[in-house]
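The values are calculated or read from the model by the stated rules, or taken from the named source; none is laboratory data. Since we're looking at a predicted model, the values are computed, not measured. Cβ placement follows ideal geometry from the backbone for every residue including glycine, while neighbour counts extend to all protein chains displayed. Quick note on the areas: whole protein, heavy atoms, side chains included, nothing else; ligands and nucleic acids left out. Shrake-Rupley method; radii C 1.70, N 1.55, O 1.52, S 1.80 Å.
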Amino acid sequence: MKNDHHRKERDATLFHAISAYQRTTIANELACIFSRYFYSVNGSYKILISPSKMIEASVIASPILGILYYLLHAIVCLAHIWSYLIYQIQCLIISSGLLPKYQNLKLDRLQHLAVVIDSEEAKNKSKVHQLLLWLSDVGVKYVILYDIEGVMKKSNKAFQKSTATQSDTKCLDFDLNVPSIFDVFGMTVEVISYTDGKEAVAKAANYLFSKFSTNQEGTLDGLEPKFTEPDISSALKAVGHDGPEPDLLLVYGPARCHLGFPAWRMRYTEIVHMGRLSSMKFSAIVKVFYDFSKKHQNYGK
Amino acid sequence: MGPIPAHIAFIMDGNRRYAKTHASHQDSTDPGSGHRVGFKSLISNLQYCYEMGVKYVTVYAFSIDNFRRDPHEVQALMDLMKAKIDELLTEGSLLKKFDARINFWGNLELLAEPVRLAAKKAMEVTVHNKGPVLSVCVAYTSTDEIRHAIEASVREKRENVQIDVSDLERNMYTAGCVEPDIIIRTSGETRLSNFLLWQSDFTHLQMPNPLWPEFSLRHLVWAVLEYQKVHGYLKKWKGETEKNK
């Protein structure tokens, strides 16, 4: 049943791609014949079999389309492999020190850096430790570490014990619903998770309500609450969830997705996908910082 | 491998750069020329999306930050928007062909009256259409949307009941719409520029290099294939957070 559904989904992808190509390729006739036999998974675009084109192809066409579908995905895989090879060569060149432009990075535009790590990979504490060390080597001053489940928050105490010297350590209380901040390797590190995003905004909304109702004399009827964005920023600060907006956000995981990083802080953040944490490279970080230093933003203008 | 995405969002970036590199002599002083080409690209990409079975398409047409642009360009954009909204409601247009519904998300009070009225009229006329949905973000930023949702939640709050995330989401412009599966920003820029920040927790962010007027069917098919590769991973985390709510 599941395989059948999967096959239908697969056929639907290809059918739609092919029927859309009807206008742009010279294989119109072939596409028309194939397209008559397939229907989308939700059934709303059921295409009836054209009597004039009735062929036994319905049995043959489905496996052929299945092959085409996997072929398309194989092409995507090959393209990824190619990009990966180019990327590895670039990283090799950078780490060899042959290019002087990568030696002296100008980080004045990078005041705050965010790193989103897949929670499963974040359990690898030595990798996270290594990453922080590299970031400190490059000259980053403020890092926001995010993982959706709060794995890094939970192991924060272990970080402090294993990474900081006595003079560096700033011990904090361990509430999992607020950001956790400490200093290490000469950087300030803020550790946050999913609860510091949307739920923090809900807390800020409740705070604003209580401020609004205490400001009014008498009843609230007929009084319209009017808040500005700075009001909301202040409210977030009051509930313990303010924090700087990162200029750059690195994503370590299988997909380029921010996985719930606090929305309020991501307005103009450049987002870069670094691949998996397990295959992280120092030269990749250098490359990203170099590219970032060359970026120019209009901020909408 | 995964299905066709239900919701694709586009940040239509690169119109001005395209106009600079491809402009004829007459076009070079016209601030709206790139955007007109951009609109043509929007219509063709919409058509491809709807034929593929994508039910929701959202586009970032005009940000609140864009009001800071040169007034001639802003005026040209507003005029273009009004003309195109009217065109989309005529017979033979794409919306009619697919029985599509149109939404305008944003702080519409910031728009000039002719555009605002045209937008409201378009929403009223198509509200009962059963087909796919086009949502146009105009005078929109994500932080303004959150601000608006907080105001609305505070307005309707009752004593002793705390505002929670579902109250805020109910008051967002995007309420009732599924979260985007893919956000595509053309021209290779890697930021979201205050677009759907709240709704993009598990969205695949794609930043292809072609400028918006160059974005065509093969780029779209590639985008869907890329999404299908990571669909399982994103669905897993979406499910985990739903469970923990």
Do you know which residues of the range A:195-213 lose at least 20 square angstrom of accessible area in the protein assembly compared with their chain on its own, with a 1.4 angstrom probe? A:Lys198, A:Val201, A:Ala202, A:Ala205, A:Asn206, A:Phe209
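Can you give the Kirkwood hydrodynamic radius of the range A:70-121 from its Cα pairs, in Å with one decimal?
Mean inverse Cα-Cα distance, inverted, gives 14.6 Å.
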By the Kirkwood definition, with r running over pairs of different Cα atoms, the range B:7-243 has a hydrodynamic radius in Å of 18.8 Å
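Loop-only check: which GluC sites (Glu not before Pro) in the range B:2-103 are DSSP coil with at most 10 other Cβ within 10 angstrom?
Working: sites: B:Glu51, B:Glu73, B:Glu87, B:Glu91; in loops: B:Glu91.
Listed in order of number, the matching sites are B:Glu91.
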Using 1/(1 + (r/R0)^6) with R0 = 30 angstrom and r between the beta carbons of B:Val178 and B:Thr21, what's the FRET efficiency to the nearest 0.05? 0.25
Please grab the % of Cα pairs in the range A:104-154 that end up more than 15 Å from each other. 47 percent
Karplus (6.51, -1.76, 1.60) ³J(HN,Hα), θ = phi - 60°, over the range A:129-138, in Hz, Gly and Pro reported as x: 4, 4, 4, 4, 4, 4, 5, 5, 4, 6
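Any of A:Lys198/B:Lys55; A:Lys301/B:Lys20; A:Lys153/B:Lys229; A:Lys198/B:Lys120; B:Lys40/B:Lys96; B:Lys84/B:Lys121 with alpha carbons more than 20 Å apart? Name them for me.
Details: A:Lys198/B:Lys55 26 Å; A:Lys301/B:Lys20 16 Å; A:Lys153/B:Lys229 30 Å; A:Lys198/B:Lys120 30 Å; B:Lys40/B:Lys96 17 Å; B:Lys84/B:Lys121 13 Å.
The pairs that break the limit, which is 20 Å between Cα atoms, are A:Lys198/B:Lys55; A:Lys153/B:Lys229; A:Lys198/B:Lys120.
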I'd like the interface area for chains A and B: accessible area of each alone minus the complex, both sides summed, 1.4 Å probe, protein heavy atoms only. What is it in Å² to the nearest 100? 5900 Å²
List every residue whose amide H lies under 5 Å from the amide H of A:Glu270, counting only residues 5 or more places away in sequence or on a different chain, with H placed 1.01 Å from N in the peptide plane. A:Leu248, A:Leu249
In what sequence, largest accessible area first, do A:Trp82, B:Trp222, B:Trp198, A:Trp134 appear using a 1.4 Å probe? A:Trp82, B:Trp222, A:Trp134, B:Trp198
Amide N proximity, the range A:257-277 versus A:Ser210 label position 7 Å along Cα-to-Cβ, cut-off under 14 Å: none
Simple spin-label estimate for B:Gln162 and A:Gln88 in nanometres, 7 Å along Cα-Cβ: 5.0 nm
In terms of Cα to Cα distance under 12 Å, which aspartates and glutamates are near enough to B:Lys82, apart from those fewer than 8 places away along the same chain? B:Glu113
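What is the extension gain from B:Leu117 to B:Glu240, computed as 0.36 nm multiplied by their sequence separation minus the C-alpha to C-alpha distance, in nm to one decimal?
That works out to 40.0 nm of additional length.
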Between A:Gln130 and B:Ser44, what is the label-point separation in nm under the 7 Å Cα-to-beta-carbon projection? 4.7 nm
Arrange the residues A:Glu190, A:Glu120 by how much accessible surface each exposes, largest first, with a 1.4 angstrom probe. A:Glu120, A:Glu190
